[in-house]
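See structure below.
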Amino acid sequence: MARHTPPQRHGLASERLIPAPKKVPVDDTLRAFIAETAQDIVASTKAAIELAARLNGVFDSMLEPGASKRTNPEHYTKVFVAMHDVGHHRVGLNRDAAATLAAMPIPAAAIREWFDATGMERRKDLYHALHVHPSTLSRAGPETEMDASVTERMLRHSDLLVRAAEVFGDEGKTWLTKPHDLLGGKTPMEFAGNEYGGAKVRAMLNAIEYGGVV
């Protein structure tokens, strides 16, 4: 039986897959596309790295003199660490360090520092993010300790803030604090008040990053 040979298609594969505008060489089209994409990646990665560094500073403050009773500084590693993923560098949550800190109370001063680091509005977002009433924080002294559940929420939202910065750059915070139809009209920050809600918000961010419609 004679083998069927598919008809030959002439031209570069890139010409068949990505039609070039008339009178513009394909190579220039691809080069411009790659350059534009690279700029987007660099901007969002930079925003995520800078945010992660500020958040590490907040969690480091829990180990300053007078706070050592919460954990042993010699056994502490950064909450956000550098990672290498699919050909590019990024930052990610060190879950061992996060698990250690999540079991500990957090001083009120660290909560104030967290809002300064993230740029979120304390009066508007405090309760939605951490389930702490603004009046409770205003009455607390710097060393007043909040329940460990507040620490856990702070870590969860820190992870989502860095992830959102990877996807949206400096606009990540805006996305997290705007109501979303898929979350019943709640903001992603509000919906992520527990680990199950946080998992859904992270899945949405992953879908957006990889081209999904969310």
Problem - In segment 128-164, the residues that are under 15 Å from Gly197 (Cβ atoms) and hydroxyl-bearing (Ser, Thr, Tyr) - result: Ser149
Practice task
Give the residues of segment 131-170 that are within 30 Å of Gly211 (Cα to Cα) and of a type in the set (A, V, I, L, M, F, W, C), sorted by residue number.
Solution key: Met154, Leu155, Leu160, Leu161, Val162, Ala164, Ala165, Val167, Phe168
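Coordinate-derived values only; no laboratory data. If you're wondering where the values come from, they're calculated on a predicted model, not measured in any experiment. Cβ: placed from backbone, ideal geometry, glycine included. Neighbour counts: every protein chain shown.
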